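The values are calculated or read from the model by the stated rules, or taken from the named source; none is laboratory data. Values in this document were obtained by computation on a predicted structure and should not be read as measured data. Reconstructed Cβ throughout: ideal geometry from the backbone, glycine too, with neighbour counts over all protein chains shown.
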Amino acid sequence: MRPLFLTLMALAGLWFGGGALAEAGAPVTAMTPASPAASHSLKPHHGKLGFTCENCHQGKDPKQYQRLKTEDCLACHGSAQKVANRTRFMDANHTNPHNSLHDKLDLDCYECHAEHKPSQNLCQTCHDNTRDWFGPTP
């Protein structure tokens, strides 16, 4: 439960202007080259929050970590609707991947986003002009 609390505090800090972790005095440290999961890089926005493996994966033993599911992502990022609302600037052309004509709000996060490897643009599988719609997939 504590990793979830720390994650929520970090996101609250980003949402309301930064610094929530430092102000709360939470003992979250960034991954270091000596950490067991140093070979698994984090997305820059998660690294800036000082996330460790435990912020997303529950438990202390990396050998026990499981692949995350969309509901794990939404535990911090909010509902699928909230994510779609944050990217609604793409709605004018019906190109919002978080509320697409094809999947509505039901697209699995991992269809495009990946934490420990480069993300991919699922839309580009069929549509060759997606660079006109939006930038790189974080």
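Please tell me if residue 52 is at pLDDT 55 or above, of a type in the set (Ser, Thr, Tyr), over 18 Å from residue 138 (Cα atoms) and out of contact with any strand residue (DSSP E or B) (no Cβ under 9 Å at 6 or more places or on another chain).
Considered against the rule, which asks whether it is at pLDDT 55 or above, of a type in the set (Ser, Thr, Tyr), over 18 Å from residue 138 (Cα atoms) and out of contact with any strand residue (DSSP E or B) (no Cβ under 9 Å at 6 or more places or on another chain), residue 52 comes out as yes.
Can you name every residue in region 73-116 that is of a type in the set (Gly, Ala, Ser) and outside any helix (DSSP H, G or I)?
Passing the criteria: 78, 79, 100, 114.
Six or more apart or on different chains, Cβ atoms under 6 Å: show the pairs whose first residue is in region 53-82 and surrounded by 12 or more Cβ atoms within 10 Å (Cβ to Cβ) and whose second is of a type in the set (Gly, Ala, Ser).
53/37; 62/37
In this structure, is residue 115 charged (D, E, K, R), within 12 Å of the chain's Cα centre (by Cα) and more than 20 Å from residue 41 (Cβ to Cβ)?
No: the conditions fail for residue 115.
Would you please name the residue that is nearest to residue 83 (Cα to Cα), looking only at residues in region 117-129 that are surrounded by 11 or more Cβ atoms within 10 Å (Cβ to Cβ) and free of Cβ contacts under 8 Å to residues at least 12 places away in the same chain?
Here the residue is 124.
Is it the case that region 63-77 has a residue that's among the charged types (D, E, K, R) and at pLDDT below 80?
Within region 63-77 (the criterion being among the charged types (D, E, K, R) and at pLDDT below 80), the answer is no, since none of the residues qualifies.
Conditions first: (1) surrounded by fewer than 16 Cβ atoms within 10 Å (Cβ to Cβ); (2) in contact with a Pro (Cβ under 8 Å, 6 or more places away or on another chain); (3) among the hydrophobic types (A, V, I, L, M, F, W, C). Residue 114 passes all but one, so which condition is the exception?
Unmet for residue 114, out of (1) surrounded by fewer than 16 Cβ atoms within 10 Å (Cβ to Cβ); (2) in contact with a Pro (Cβ under 8 Å, 6 or more places away or on another chain); (3) among the hydrophobic types (A, V, I, L, M, F, W, C): (2).
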